[in-house]
Amino acid sequence: MNQVPLVIKLGGAVLSCGETLGKLFGAISAYQQQAQRPLVLVHGGGYLVDDLMAKLQLETVKKEGLRVTPPEQIPYIAGALAGTANKLLQGQAQKAGVAAVGLSLADGGLCKVTMLDPELGAVGKAAPGDCSLVSQIMQAGYLPIVSSIGLDSQGQLMNVNADQAAVAVAAALDGELVLLSDVSGVLDGKGHLICDLTEPEAEALIAQAVITDGMVVKVRAAFEAANALGRSIEVATWRYPDKLAALFDGHSIGTKFSPQA
Ligand SMILES: Nc1ncnc2c1ncn2[C@@H]1O[C@H](COP(=O)(O)OP(=O)(O)O)[C@@H](O)[C@H]1O
Ligand SMILES: CC(=O)N[C@@H](CCC(=O)OP(=O)(O)O)C(=O)O
């Protein structure tokens, strides 16, 4: 029996696909029962924040895939991610019979968050912290659902990119990590899935603007995790929930990132 915790990062676009979300939690529930393995969900919600910003008539600015977060906007952004997105996912989990607890990066000191770059505003960099609360929640039979909102040492709200947050959570738990997105994995210039990617190949595709936007952050986060954890990381899609059990058991269905030899 594999007892290594598995961290599943869910990109926020899944929130607009209600039917898939139901099936996804069905697949997670079945896997929990079959594999008896500790699972943690870390989620994004970038689309939800984009929508909210548009409704508030606030401009959305992203730099290399990271949202510029003026301090006066962080209450709205934290509300959308740690509130709305987190509770919508918890609701879908519970509907599918998965007992779930909604958390942030700050709960139990799971991740330590510091300001990434003053030019980005209240954007945080997450480092692994204390996993004991999350471990106890899993041992008690609950699925922790963790948003990418954290607190810095002064108690200020911080917006962390959810892929980077998932890497820090996986490091805190010394777990395996899969990053689930709306695309099958990293695609080449012709739109074909790249099954394996090395760091130099990825940087070349970024320089050629084949890999852009949020995928730049995701690819770099995946390499950071693979090297820090000494384990392969997979970027795959949440669109086909019936394929997820195989993925969770270590079979590649998307793009695989291996640690540097
Ligand atoms: N080479 C690429 N391969 C796949 N997706 C890419 C690539 N370059 C840019 N993207 C974009 O990256 C998006 C996924 O990143 P992101 O929006 O951050 O996802 P998520 O919210 O799932 O974390 C895709 O929807 C796609 O529009
Ligand atoms: C700093 C930063 O960029 N934070 C992200 C957090 C949410 C996120 O990463 O959501 P997805 O996984 O759905 O893209 C944001 O505000 O959009």
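The values are calculated or read from the model by the stated rules, or taken from the named source; none is laboratory data. Note that the coordinates shown come from a computational prediction; the quantities given were computed from them, not determined experimentally. Note that we place each Cβ from the backbone using ideal geometry, even for glycine, and neighbour counts take in every protein chain shown.
How many of the residues in the range 199-227 are more than 12 Å from ligand 1 (Cβ to nearest atom), surrounded by fewer than 16 Cβ atoms within 10 Å (Cβ to Cβ) and touching a residue at least 24 places away in the same chain (Cβ under 8 Å)?
1
Read through the list (1) more than 20 Å from Leu15 (Cα to Cα); (2) within 16 Å of ligand 1 (Cβ to nearest atom); (3) at pLDDT 95 or above, then give the number of the only condition that Pro70 fails.
Among (1) more than 20 Å from Leu15 (Cα to Cα); (2) within 16 Å of ligand 1 (Cβ to nearest atom); (3) at pLDDT 95 or above, the lone unmet condition for Pro70 is (2).
Going by the structure shown, is Leu6 away from ligand 2 (no atom under 14 Å from the Cβ) and under 15 Å from the mean Cα position of the chain (by Cα)?
For Leu6, the condition - away from ligand 2 (no atom under 14 Å from the Cβ) and under 15 Å from the mean Cα position of the chain (by Cα) - is met.
Given (1) under 27 Å from Thr69 (Cβ atoms); (2) within 16 Å of ligand 2 (Cβ to nearest atom); (3) touching a residue at least 40 places away in the same chain (Cβ under 8 Å), identify the lone condition not met by Ala171.
The one condition Ala171 does not meet is (2).
Against the definition (more than 10 Å from ligand 2 (Cβ to nearest atom), closer than 19 Å to Ala162 by Cβ and of a type in the set (Val, Ile, Thr)), how does Thr20 come out, yes or no? Don't jump to the end; show me each part of the working.
On the way: more than 10 Å from ligand 2 (Cβ to nearest atom): yes; closer than 19 Å to Ala162 by Cβ: yes; of a type in the set (Val, Ile, Thr): yes.
Yes: the conditions hold for Thr20.
Would it be correct to say that Val186 is within 13 Å of ligand 1 (Cβ to nearest atom), surrounded by 24 or more Cβ atoms within 10 Å (Cβ to Cβ) and either over 24 Å from Leu41 (Cα atoms) or aliphatic (A, V, I, L, M) (or both)?
Against the criterion (within 13 Å of ligand 1 (Cβ to nearest atom), surrounded by 24 or more Cβ atoms within 10 Å (Cβ to Cβ) and either over 24 Å from Leu41 (Cα atoms) or aliphatic (A, V, I, L, M) (or both)), Val186 qualifies.
Across the range 137-155, which residue is nearest to Ala35 (Cα to Cα) among those that are within 16 Å of ligand 2 (Cβ to nearest atom) and in contact (Cβ under 8 Å) with a residue 60 or more places away in the chain?
Taking the range 137-155 and keeping what is within 16 Å of ligand 2 (Cβ to nearest atom), we get 145-152.
Still in the list and also in contact (Cβ under 8 Å) with a residue 60 or more places away in the chain: 145-149.
Numbers: Ile145: 19, Val146: 21, Ser147: 24, Ser148: 26, Ile149: 29 Å.
Going through the qualifying residues, I end up with Ile145.
Of all residues in the range 65-103, which are closer than 22 Å to Gln32 by Cα, within 14 Å of ligand 2 (Cβ to nearest atom) and either without any contact (Cβ under 8 Å) to a residue 60 or more places away in the chain or in contact with a strand residue (DSSP E or B) (Cβ under 8 Å, 6 or more places away or on another chain) (or both)?
Residues satisfying the conditions are Asn86, Leu89.
List the pairs whose first member sits in the range 236-256 and is under 19 Å from Pro38 (Cα atoms), whose second member is basic (Lys, Arg), and whose Cβ atoms are under 6 Å apart, counting only residues at least 6 apart or on separate chains?
These pairs meet every condition: Pro241/Lys23.
Conditions first: (1) within 20 Å of Asn161 (Cβ to Cβ); (2) buried (at least 19 other Cβ atoms within 10 Å of the Cβ). Leu143 passes all but one, so which condition is the exception?
Just one mismatch for Leu143, condition (1).
Quick one: in the range 32-59, which of the residues that are near ligand 2 (Cβ under 10 Å from one of its atoms) and part of a loop (DSSP other than H, G, I, E, B) is nearest to the chain's Cα centre (by Cα)?
In this case the residue turns out to be Gly44.
From the list Leu24, Leu15, which one is over 30 Å from Ala209 (Cα atoms), of a type outside the set (Gly, Ala, Ser) and touching a residue at least 40 places away in the same chain (Cβ under 8 Å)?
Leu24
Only one of (1) more than 16 Å from ligand 2 (Cβ to nearest atom); (2) closer than 22 Å to Val4 by Cβ; (3) under 18 Å from the mean Cα position of the chain (by Cα) is not met by Trp238, so which one is it?
All conditions are met except number (1).
Does the range 12-31 hold any residues that are within 12 Å of ligand 1 (Cβ to nearest atom) and either part of a helix (DSSP H, G or I) or buried (at least 23 other Cβ atoms within 10 Å of the Cβ) (or both), and which are they?
Those that are within 12 Å of ligand 1 (Cβ to nearest atom) and either part of a helix (DSSP H, G or I) or buried (at least 23 other Cβ atoms within 10 Å of the Cβ) (or both): Gly12, Ala13, Val14, Leu15, Ser16.
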